[in-house]
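Heads up: the structure comes next, in structure tokens.
Where a number appears in this text, it was derived from the coordinates with a stated rule and is not lab data. Not measured: the values here are computed from a predicted model. Glycine also receives a Cβ, built like all others from the backbone with ideal geometry; neighbour counts cover every protein chain displayed.
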Amino acid sequence: MLNLVLFGAPGSGKGTQSAKLIEEYGLHHISTGEVLRDHIKRGTDLGKVAQEYISQGQLIPDDLMISILDDVLEKEAKGKAGVIFDGFPRTIPQAEALKDLLKKRGTDLHAVVGLEVPEDELVERMLNRGKETGRADDNLETIKKRLDVYHNQTSPLRDYYHKEGKYIKINGSGIVDEIFNTIAKELESVSYTHLRAHETRGNL
Ligand code: AMP
């Protein structure tokens with residue numbers, strides 16, 4: 001198993017780098033933002049609740065978000081070589097919950113890839129994404145709220161994972177392929193240990 005968290009502020013490139021990591025390592029991708037946007041699109045009850053928070057740039061409450069993730073893991077992650085968590089955890093209680101959810105399934109979190117990008121670049125990227133994709137929360141007012149939420153509630157997780165020896169700091173500015181190569185190099189030793197251990201067990 002190789003379980004990774006792709007960590008970073010909104011607009012730091014988590015989705016883009018996830019897509020490349022899936023290709024390279026065959027991991028299953030779980031983006032909590034995408035899960036919520038899918039509920040909104042389908043008009044489910046959860047989608048209606050999520051819409052209120054997302055349009056205000058606020059986080060969905062921890063209890064709700066954690067139970068959604070538990071469900072998604074149950075439905076999608078069984079038998080997979082590992083999971084990339086994109087956009088989760090965003091708070092310390094979510095990080096504690098992730099530890100428990102993985103432990104309950106006999107596994108662990110192996111590394112946290114932190115994409116670090118200067119704030120002006122984040123804003124520019126999200127404004128461009130808003131224009132290109134029509135994503136509703138990529139407007140200047142909501143972007144500012146999301147960045148505040150990131151600084152107040154999510155960025156303490158850098159220290160949290162640093163103390164656990166899991167945080168890998170990546171300069172997330174610049175060319176997508178170069179950033180990916182840096183991540184892949186950093187993950188080589190982590191993935192070698194965990195993917196090889198998995199293969200060896202599988203061959204017994
Ligand atoms: P993202 O696509 O990861 O930027 O997420 C878009 C929005 O979905 C966020 O601004 C939050 O409102 C909500 N969201 C996504 N993931 C989480 C999470 N782990 N906890 C709480 N809210 C979340």
> Kirkwood Rh over Cα pairs of the range 131-194 into Stokes-Einstein at 20 °C, 1.002 mPa s: D in µm²/s?
Replying inline: 147
>> Taking 28 Å as the cut-off for C-alpha to C-alpha distance, list the pairs among Lys78/Lys166; Lys20/Lys80; Lys78/Lys99; Lys75/Lys145; Lys145/Lys169; Lys20/Lys48 that go past it.
In response: Lys75/Lys145; Lys20/Lys48
>> Whole-Hz ³J(HN,Hα) for each residue in the range 87-104, computed from phi via Karplus 6.51 cos²θ - 1.76 cosθ + 1.60 with θ = phi - 60°, x for glycine and proline: what do you get?
In response: x, 9, x, 10, 9, 4, x, 5, 5, 5, 5, 4, 4, 5, 4, 6, 4, 4
>> Nearest 10 degrees is fine. How inclined is helix 32-42 to the longest principal axis of the chain, computing both from alpha carbons?
In response: 60
> Fully extended, how many nm does the chain gain between Ile175 and Asp71 (0.36 nm per residue separation, minus their Cα-Cα distance)?
Replying inline: 33.9 nm
> Taking neighbour counts of Cβ atoms within 10 Å as a proxy for exposure, in what order, fewest first, do Phe180, Phe85 appear?
Replying inline: Phe180, Phe85
>> Normalised radius of gyration for the range 1-115, please: alpha carbon Rg relative to 2.2 N^0.38 Å, two decimal places.
In response: 1.02
> Any idea how far apart Gln51 and Val190 come out in nm if each label point goes 7 Å out from Cα toward Cβ?
Replying inline: 3.7
>> How large is log10 of I(q)/I(0) for the chain at q = 0.14 Å⁻¹ when the intensity is taken from the Debye formula with one equal scatterer per alpha-carbon?
In response: -0.84
> the range 73-116: Rg/Rh from Cα coordinates, Kirkwood Rh?
Replying inline: 0.95
> Roughly what would the spin-label model give for Leu140 and Ile22, points 7 Å off Cα along C-beta, in nm?
Replying inline: 3.4
